[in-house]
1. Does any residue in region 93-113 that is outside the structural domain of Gly24 (by TED's automatic domain parsing) and part of a strand (DSSP E or B) come within less than 7 Å, Cβ to Cβ, of a residue that is surrounded by 23 or more Cβ atoms within 10 Å (Cβ to Cβ) and modelled with pLDDT under 95 six or more places away or on a different chain, and which pairs are these?
2. State yes or no: is Val167 over 26 Å from Ser82 (Cβ atoms), in contact (Cβ under 8 Å) with a residue 12 or more places away in the chain, assigned by TED's automatic domain parsing to the domain that holds Leu32 and surrounded by 20 or more Cβ atoms within 10 Å (Cβ to Cβ)?
3. Just checking, how many residues over region 34-65 are under 29 Å from Gln166 (Cβ atoms) and in contact (Cβ under 8 Å) with a residue 60 or more places away in the chain?
4. Do we find a residue being farther than 21 Å from Ala209 by Cβ, part of a helix (DSSP H, G or I), assigned by TED's automatic domain parsing to the domain that holds Gln146 and of a type in the set (Phe, Trp, Tyr) anywhere in region 44-61?
5. It is to be established whether one or more residues within region 178-185 are in a helix (DSSP H, G or I), among the hydrophobic types (A, V, I, L, M, F, W, C) and touching a Lys or Arg at 6+ places or on another chain (Cβ under 8 Å).
6. For region 94-132, which positions are crowded, with 23+ Cβ neighbours inside 10 Å and of a type in the set (Asp, Glu)?
7. Note down all Cβ pairs under 7 Å where the first residue falls in region 205-232 and is outside the structural domain of Lys91 (by TED's automatic domain parsing), the second is of a type in the set (Val, Ile, Thr) and exposed (fewer than 15 other Cβ atoms within 10 Å of the Cβ), and they're at least six residues apart or on different chains.
8. When you go through (1) in contact with a helix residue (DSSP H, G or I) (Cβ under 9 Å, 6 or more places away or on another chain); (2) crowded, with 22+ Cβ neighbours inside 10 Å; (3) modelled with pLDDT of 95 or more; (4) of a type in the set (A, V, I, L, M, F, W, C) one by one for Ala64, which number turns out not to apply?
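The values are calculated or read from the model by the stated rules, or taken from the named source; none is laboratory data. On a predicted model such as this, the values are computed, not experimentally measured, just so you know. Neighbour counts run over all protein chains shown; Cβ positions are idealised from the backbone, glycine included.
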Amino acid sequence: MSYEFLQLEIADKIAVVSLNNPPGNSLKMPLLQELDKMLDELHANAAVKVIIITGAGKMFASGADIDEISKLTSKDLAKEMSAFGQKVFLKLERGPKPVIAAINGFCLGGGLELAMSCHMRIASDRALMGLPEIALGIIPGFGGTQRLPRIVGMSKATEMILSADQVRAEEALAIRLVNKVVSKDTLLEDAKKVAMKMVSKSGMAMSRALKSIGNGSQVDIVKAMDVESTCFGELYGTHDMKEGVSAFLEKRKADFQDK
């Protein structure tokens, strides 16, 4: 497919998806619809093992499209908009391939909600993050009130949401909102280095690890252990399981085939 609001580059089994809706890369509905379709394509593409999401230009994403929100005419339409964004971000979060957010600038509102639905976040040292919706008389609607407490803790998340305060990259690292802070000049290069570590691993094992982490985090520890055992068992007898064990015993590098 061709995309109006997204740019896609695939090389070395890494897909780089750039949000491209200048000037602020706001997440208007057509962009989210394109992202929904692109995720289906990337999940089905055997040539892709890791996905990086970033913003074209100097911003990651400024948030949802406020003009679109202002034109909503009913509570039902507002709920539908929220539910669609949630659906797309859940597809990203629960997908079979690891996704890294490369946060290259302002990452606000829906932009931070998108970044939080990625499995890892690497931020430029110039990045600025926050959920400013409360200042507009609304709340985060694409999963922000649920993901932020799970990432940084209830108290800090409540402070950020109710104050609408923004945090710079170093504070985001301190509260574990991001995994790493790097120079703005090397952000994409550093994100690709992290991605390359995953490219060399078994795609099947990574997908089961993501499933175990994601599904297990939503239930109590006993049920979570069952999820883990099921995922562990699903890998038994696969080519990659046999190859990984053999390579370890033979002291050589494993040649995974993602099957």
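1. Final answer for the pair search is none.
2. When the stated conditions are applied, Val167 does not pass them.
3. The qualifying residues number 7.
4. No; the residues of region 44-61 include none that is farther than 21 Å from Ala209 by Cβ, part of a helix (DSSP H, G or I), assigned by TED's automatic domain parsing to the domain that holds Gln146 and of a type in the set (Phe, Trp, Tyr).
5. The answer is no; no qualifying residue exists.
6. Answer for region 94-132, where residues must be crowded, with 23+ Cβ neighbours inside 10 Å and of a type in the set (Asp, Glu): just Glu113.
7. Filtered contacts from region 205-232: no entries.
8. Condition not satisfied by Ala64: (3).
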